[in-house]
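Novice: Quick one: structure below, then a few questions.
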Amino acid sequence: MRRVSIFGATGSIGQNTVDLIARDPDAYDVVALTGGANIAQLAEDAKRLGADLAVTCYEDRLEDLRAALDGSGVEAAAGQGALTEAADRPADWIMSAIVGAAGLAPGFRALRHGTTLALANKESLVTAGPLLLAEGRAHGATILPVDSEHSAVFQALVGEEMDAVERIIITASGGGLRDWPLEALAQATVADAGAHPNWDMGQRITIDSASMFNKAMELIETKEFFGVGPEKIEAVVHPQSIVHALVGFTDGALMAHLGAPDMRHAIGYALNWPERRDLPVNRIDLAQIATLEFRAPDLRRYPALGIAQAVMETGGRAGCIFNAAKEIALDGFIAGRIGFMDMSGIVEATLDAMSTEFSLTIPPSTLEEVLEVDHMARDRAWSCINQKETA
Ligand code: NAD
Ligand code: MG
C-alpha cells in the first residue's frame with residue numbers, strides 16, 4: 001500500500017486526485033487531506049478514503065471540521081502551521097494542489113522527508129523553481145509534473161538525453177476570447193473571459209487562460225522544471241486541446257503527446273509513475289476529431305507571453321514578482337477596477353517598479369526570501385492599480 005496525502009484536496013485538481021484514489025482504495029493508505037472553507041467536502045472525503053488526518057487552512061474552522069468528522073476516527077487540525085505539519089506525516093507520495101503561494105511551504109516540507117512530490121502548484125516552480133529543485137535533490141526526492149503540458153513533455157522525454165532536446169513546444173487553447181476581434185478585447189467582462197471552450201476549470205485559471213497568463217506561467221514552469229533556455233521554449237495556439245505538448249530533438253523529430261482534455265491523465269500518470277495503469281479518461285478517436293489546428297500566438301492579443309519571455313531571460317526574482325503581480329492584476333480585473341487588457345500593463349509596471357529597488361536577476365536564497373519578495377510585489381502591484389485608476 002502506498003501512503004499518499006493530498007494538499008488542496010477540495011479543489012479541482014484535488015477532487016480529481018480523490019476520484020482516482022477512491023477507485024482503487026486497497027492500493028492506497030491515505031495519510032492526510034487538506035482543504036479550505038469547504039469543510040463538508042473535506043470531511044466526507046477524509047472519511048470515505050479513511051484518512052488519518054484532515055486539515056483546513058482556516059484556524060477558526062477547527063470546531064466545524066471536528067464536528068463534521070465526529071466519530072469517524074479521523075484527526076482534525078487547522079491553520080497554516082497545521083498544513084506544514086501535515087507534510088511531516090510520513091508518506092510516499094503527496095499531491096501539491098493548493099492554489100497560490102500557500103502551496104510552497106507544504107511542498108518544500110514534504111521534499112525534506114524525501115517524499116515524491118506530484119506538483120500541480122505551478123506557483124512553486126515559477127516563484128522558487130531553483131530552490132525547490134535543489135531541495136528535492138538534497139533529499140533524494142522525486143518531483144513529478146502534474147500540469148498537463150509538463151506531464152506531456154515529461155512523458156515525451158522518457159529515455160531521452162536533454163542534450164538532444166532542441167525545443168519544447170507547449171500548446172494553448174487560446175481561451176474563451178480566442179476568436180474575438182483584437183479591438184474588442186479591452187471591453188471583455190469577467191463573464192466573457194471566465195468561459196472556457198475545452199477545459200472545465202475554476203474562474204481564475206479560466207480567465208488566466210483567456211489572457212494566456214496561465215500559458216505564460218507554464219513557459220516559465222517549463223524553463224525551471226526541464227532546465228532548458230528560454231530560446232528553446234515556445235507556445236503554439238491549438239484550439240482542440242488534444243496535443244498537450246511537443247518535444248523537438250536535434251535530429252528533427254518532434255514527439256507529441258495527445259490525450260483527452262482531462263486532468264486525471266496527468267494526475268494518474270504522476271500517481272502511477274514509473275508505471276502506466278488503466279485510467280478512466282476518454283480515448284481519442286482521431287478520425288472523429290479529423291482536424292488538428294495550430295497557429296502562432298499573436299503577441300498583441302496575448303502580451304503575457306512576451307512578458308514571460310523577458311521574465312525567463314531575467315531569471316532570479318523576476319518569476320516571483322511576475323506571479324504575484326499577475327495574481328493582483330487578476331484580482332483587480334475581477335473587482336472591476338481594471339480592464340482585461342490592462343492586466344499585462346500592471347504586471348509590466350510592477351516588474352519595472354521592483355527593478356528600481358533591487359536587481360531582479362539575484363535569485364532568492366531561501367523560501368522566506370521568496371515570500372518576502374512575493375509580499376512586496378503584491379503591494380507594488382496594488383499601487384500600480386491605484387495609480388492607473390487615479391491617472
Ligand atoms: P482550486 O481553487 O480548485 O483548489 C485549490 C485548493 O487549495 C482547495 O483545496 C483550497 O481549499 C486550497 N486552498 C486555497 N487557498 C489556500 C490557502 N491559503 N491555504 C491552504 N489551502 C488553500 O485550484 P485548482 O484548479 O485545483 O488548482 C490547484 C493548483 O494546480 C494551482 O496551482 C493551479 O495553477 C494548478 N493547476 C490546475 C489545473 C486545473 O485544471 N485546475 C491544471 C494545471 C495546474
Ligand atoms: Mg496547464
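Novice: Quick test for you: out of 243, 228, 236, pick the one residue that is hydrophobic (A, V, I, L, M, F, W, C), touching a Phe, Trp or Tyr at 6+ places or on another chain (Cβ under 6 Å) and closer than 27 Å to residue 158 by Cα.
Specialist: Sole residue among the options that is hydrophobic (A, V, I, L, M, F, W, C), touching a Phe, Trp or Tyr at 6+ places or on another chain (Cβ under 6 Å) and closer than 27 Å to residue 158 by Cα: 236.
Novice: Select from region 85-102 the residues that are assigned to a helix (DSSP H, G or I) and at pLDDT 95 or above and write down the one among them that is farthest from residue 30 (Cα to Cα).
Specialist: The initial filter retains those residues of region 85-102 that are assigned to a helix (DSSP H, G or I), namely 85-86, 101-102.
Add one more test, that the residue is at pLDDT 95 or above, and what stays is 85-86.
On the way: 85: 16, 86: 12 Å.
Top of the filtered list is 85.
Novice: How do the helices (runs of 4 or more DSSP H) wholly within region 207-308 filter down when requiring 3 or more residues that are among the small types (Gly, Ala, Ser) and within 16 Å of ligand 1 (Cβ to nearest atom): which remain?
Specialist: Output list reads 263-272.
Novice: OK, next. Can residue 135 be described as modelled with pLDDT of 95 or more, closer than 29 Å to residue 362 by Cβ and within 13 Å of ligand 1 (Cβ to nearest atom)? Step through it out loud before you land on a result.
Specialist: On the way: modelled with pLDDT of 95 or more: yes; closer than 29 Å to residue 362 by Cβ: yes; within 13 Å of ligand 1 (Cβ to nearest atom): no.
Here the answer is no, as residue 135 does not meet what is asked.
Novice: Further question on the same structure: Looking only at region 83-120, count every residue that is within 16 Å of residue 4 (Cβ to Cβ) and within 16 Å of ligand 2 (Cβ to nearest atom) and tell me the total.
Specialist: Final tally of qualifying residues: 6.
Novice: Any residue in region 46-55 that is outside any helix (DSSP H, G or I), within 16 Å of ligand 2 (Cβ to nearest atom) and touching a Ser or Thr at 6+ places or on another chain (Cβ under 7 Å)?
Specialist: Of region 46-55, the ones outside any helix (DSSP H, G or I) are 50-55.
Now narrow it down to the ones that are within 16 Å of ligand 2 (Cβ to nearest atom): none.
Taking every residue of region 46-55 in turn, none turns out to be outside any helix (DSSP H, G or I), within 16 Å of ligand 2 (Cβ to nearest atom) and touching a Ser or Thr at 6+ places or on another chain (Cβ under 7 Å).
Novice: Can you tell me which of (1) under 22 Å from residue 102 (Cα atoms); (2) not in a helix (DSSP H, G or I) is the one residue 370 doesn't meet?
Specialist: (2)
Novice: Quick check on this structure: which one of 9, 51, 27 is of a type in the set (A, V, I, L, M) and surrounded by fewer than 18 Cβ atoms within 10 Å (Cβ to Cβ)?
Specialist: Matching residue, one of 9, 51, 27: 27.
Novice: Same structure, new question: Taking region 1-53 as the region of interest, how many residues are without any contact (Cβ under 8 Å) to a residue 60 or more places away in the chain and among the hydroxyl-bearing types (Ser, Thr, Tyr)?
Specialist: Residues that pass the stated criteria total 2.
Novice: Right, something else. Among the residues in region 128-135, are any in contact (Cβ under 8 Å) with a residue 12 or more places away in the chain, more than 16 Å from ligand 2 (Cβ to nearest atom) and more than 25 Å from residue 375 (Cβ to Cβ)?
Specialist: no
Table: residues versus (1) surrounded by fewer than 23 Cβ atoms within 10 Å (Cβ to Cβ); (2) among the basic types (Lys, Arg); (3) within 18 Å of residue 157 (Cα to Cα).
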site: 193; (1), (2), (3): no, no, no
site: 198; (1), (2), (3): yes, no, no
site: 202; (1), (2), (3): yes, no, no
site: 212; (1), (2), (3): no, no, no
site: 221; (1), (2), (3): no, no, yes
site: 256; (1), (2), (3): yes, no, yes
site: 261; (1), (2), (3): yes, no, no
site: 268; (1), (2), (3): no, no, yes
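Novice: Next question, about the same structure. Being over 16 Å from residue 209 (Cβ atoms), of a type in the set (Gly, Ala, Ser), outside any loop (DSSP other than H, G, I, E, B) and more than 16 Å from ligand 2 (Cβ to nearest atom) is the filter here; which residues of region 142-192 pass it?
Specialist: Result: 164, 184, 186.
The values are calculated or read from the model by the stated rules, or taken from the named source; none is laboratory data. All of these numbers come straight from a predicted model, not from anything done at the bench. Cβ coordinates were reconstructed from backbone atoms using ideal geometry, including for glycine residues, and neighbour counts include every protein chain displayed.
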